[in-house]
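The values are calculated or read from the model by the stated rules, or taken from the named source; none is laboratory data. A quick note: this is a predicted structure, and the numbers were derived from the prediction, not measured. Here Cβ is always computed from backbone atoms with ideal geometry, including for glycine, and neighbour counts include all displayed protein chains. For accessibility, only protein heavy atoms count, side chains too; no ligands or nucleic acids. Shrake-Rupley method; radii C 1.70, N 1.55, O 1.52, S 1.80 Å.
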Amino acid sequence: MPSERRTLFVLVPTCRLLHGVTVAHLYGVTDRGESVLVVDDRVRPYFFVPDAHREAARAAAKPLSAYREEELADWRGRPVARLAFREPREVPPAREALEAAGIPCFEADVRYAYRVMIDHGIRGSVEVEGEASAGRWTDLVFRRPRYRPARFAPRLRVLSLDIEADRRAAMVYSVALAGDGTEAVLLWHHRDVPGAAVFPTERALLEALSARIAATDPDVLTGWNLVDFDLTVLARRAEELGVSLRLGRGEGRILFREDAAYTRQKRASAPGRQVLDAIGLVRDVGLPVEDYRLETVARAVLGRGKLAAGRGRGEEIERAFREDPEWLVRYNLEDARLVREILDRTGALALAVERSLLTGMPLDRVGASVASFDFLYLGELRKRGRVAPPGVAGAGAGHVVGGTVLDSRPGIFPFVLVLDFRSLYPSVIRTFGIDPLAFRGMVGDEEEGLVRAPNGALFARGEGILPGLIGDLMARREEARAAGDRARATAIKLLMNSFYGVLGTATCRFADSRIANAVTSFGAEVLSRAKREIEETGFEVIYGDTDSLFVLSGAADAGSAREAGRRLRERVDRALARWARDEHGVESHLSLELERVYRRFFLPHVRGGGEGSKKRYAGLVETKDGTRLEIVGLEAVRRDWPEAGRRFQRELLRRVLSEEDVREYVRDTVRRLRTGALDRDLVYRKVLRKNPDEYVRARPPHVRAAVLAGTRRGGVVRYVITRSGPRPVEPGDALPPDLDYDHYVARVLAPIADAILPF
């Protein structure tokens, strides 16, 4: 077979057992747009044990082979042995047997396909060279290729899928497909319907769906709530009807699995094709939306929504199937179109690709911060000739202290500076060498030359992995920002900012609360020293939170305030550099920047108390087009608060901070609310954290509304308060006639006014 060379992006890493041999299957897409399968049987499933226990492990676990790793050692430099097995399913029982015998196991929980990628240095994309042939399900198949590092961001072929079914999801009416030049609706019906490929039975529709997806051959299959609804219903109906539903690039049905983490997120996999729920992709972008229903997100992003929404949608779909299939076809196709356009407009898929290229995680797991950290750190450990510890290093993950929040001074202030440390926690890790491999215990375990954190944690200089990794990521982020590559810059920021949290997460093998608290204790020290340095120059710090300080500039205009901010920034940077060098013997990578100047700034009291509130404020920022109101933590940015109250607070703040009269506006808002002009804006929205029957002692209003609506845990309850209690409502529903206006004036408008007007 001829030798070929391709650069490919890995879509789906998996494995198969062929003739008793475990084979890695890496499905991907090449720089020429080809679908490709890399087949590699050179890596056996394996893990490590202390070499001193090699023979005991051989007897207890009966591996295929057991030998000393000459170039690898454990966490503290002791020899290790590799135990290799025929197939991945032999690993868990072997690990259990060894641990029961008191033999520690290293890296026994690494998935086989990830192991292959880590061993070959594959991080999202790679160049392969070797024998290649035409594949049955893919354009090319590479067998046992040579690997070289590469960075390749593909243009993925994406197909959006959406189904319509009866209210019980017991029957699939139609399936719409949109994307990559394809727009089609597959419908089963007794007559021809314009705009649809019509089939005589539901069974025939499902059979045609497999053929249509194979012909379109997308790299990614997506949809809104795709896994929990569309694919679940399709898979169930295919099984009930005896249809072989093939949605991947290869033989095999679609499989469902649930993450072991607390989120219990459900995922789906199809051989060789990525299955991505668009809701998860869009959540990672961080859109400021009320909720993540398709209707809500589409209107926020695209300016248009579904053709029908609200509580009666199910009945409308059933009626349309019987009486107006032309409308059903349009409705179905528009839903599929909306998803594809939302992904394009938000850049959500591009962000996922960049995160995959950074961490090596497949697209459906780029948001898994612990797994991403594991993938990166294990690869770097191997370069150091080390294997990871069994489970948690050191004392394990205990109580982790959060960021420092300073007391605030309530009031309204002119020309307030916001001085912000750029990537504070990553910069702390980089500056002081905080890292699991470099960790040497706590005070009392002193060795000469160690860096001591304020919480007493000790770190060996120059031995950590994270400081160098963060330095590289920071440089790459600056390159991305300079090039205008927003997706890449955001992906790098998300990755760097996840490191601290992962170090305090019990499910991470490297987690240790002492290491995580070393980060926050240094962060608190940095914030405290910066505050002291600022106040020694005669400025007042009126608030501080984790990595930001809010400073009264004393200036008469924005220009003078910015100049004061620049001087303070330079002074603090110099002071911190001296401190890092003189007290810890390290080079400072801490950098303060003037993030913004508020023309007028508002800090409220704690509701019902006299002290200043925390993580809640608002301010007017000058822009080239005038001023912009920014709000943090207040009701106006809470998704569960009625829009009438949110709008009232926004406008009240704008007027107060602009020094306009507010009396008539307050009176007019109360009048309009009581006369029904604001009825549509009185809806509360709350996520139901538990099932209604789990609320025993008290049932808050949203729970009582959920009972009436039949909403279960995880659902969003939309309700209004009437004189007879809370009542659920949906978009498009008629509102109850007995809305309790006294409630909304006393519980929504009055607290907002009382927090602002005394100033």
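Listed by first and then second residue, the pairs with beta-carbon distance under 7 Å, at least 6 apart or on different chains, first residue in the stretch 340-365 and at positive phi, second open to solvent by less than 30 Å² (accessible area, probe 1.4 Å), are Gly347/Ala487; Gly360/Met117; Gly360/Ile122; Gly360/Gly124; Gly360/Phe375. In the stretch 418-476, which residues are in contact with a His (Cβ under 9 Å, 6 or more places away or on another chain), under 22 Å from Phe375 (Cα atoms) and open to solvent by 40 Å² or more (accessible area, probe 1.4 Å)? Selection gives Arg430 alone. Counting only strands (runs of 3 or more DSSP E) that fall entirely inside the stretch 225-311 and contain at least 1 residues that are open to solvent by 20 Å² or more (accessible area, probe 1.4 Å) and at pLDDT below 90, the qualifying elements are 255-258, 266-269. Taking the stretch 166-206 as the range and being more than 28 Å from Ala352 (Cβ to Cβ) and open to solvent by less than 10 Å² (accessible area, probe 1.4 Å) as the test, the residues that pass are Val172, Ser174, Leu187, Val193, Leu205, Leu206.
Within the stretch 546-585, the set of residues being open to solvent by less than 50 Å² (accessible area, probe 1.4 Å) and farther than 24 Å from Thr627 by Cα comprises Thr546, Asp547, Leu568, Val572, Asp573, Ala575, Leu576, Ala577, Trp579, Ala580, His584.
Looking only at residues of the stretch 586-599 that are in a strand (DSSP E or B) and touching a Lys or Arg at 6+ places or on another chain (Cβ under 8 Å), we find that the one that is most open to solvent (accessible area, probe 1.4 Å) is Glu593. For Phe602, the criteria (1) of a type in the set (A, V, I, L, M, F, W, C); (2) part of a helix (DSSP H, G or I); (3) touching a helix residue (DSSP H, G or I) at 6+ places or on another chain (Cβ under 8 Å) hold in every case but one, which is (2). Is it the case that the stretch 11-25 has a residue that's within 20 Å of Pro390 (Cβ to Cβ) and touching a residue at least 60 places away in the same chain (Cβ under 8 Å)? No.
All of (1) in contact with a strand residue (DSSP E or B) (Cβ under 6 Å, 6 or more places away or on another chain); (2) buried (at least 23 other Cβ atoms within 10 Å of the Cβ); (3) not hydroxyl-bearing (Ser, Thr, Tyr) hold for Ala511 with one exception: (1).
Counting the residues of the stretch 283-328 that are among the aliphatic types (A, V, I, L, M), closer than 18 Å to Leu186 by Cα and in contact (Cβ under 8 Å) with a residue 12 or more places away in the chain gives 2. Of the listed requirements (1) surrounded by 14 or more Cβ atoms within 10 Å (Cβ to Cβ); (2) more than 20 Å from Val745 (Cα to Cα), Ala644 misses just one: (2).
There is at least one residue in the stretch 99-117 that is within 30 Å of Arg486 (Cα to Cα), touching a Lys or Arg at 6+ places or on another chain (Cβ under 9 Å) and crowded, with 18+ Cβ neighbours inside 10 Å. The set of residues in the stretch 551-572 that are over 19 Å from Gly411 (Cα atoms) and in contact with a helix residue (DSSP H, G or I) (Cβ under 9 Å, 6 or more places away or on another chain) comprises Leu568, Arg571, Val572.
Counting the residues of the stretch 322-366 that are part of a helix (DSSP H, G or I), open to solvent by 30 Å² or more (accessible area, probe 1.4 Å) and closer than 28 Å to Ala734 by Cα gives 5.
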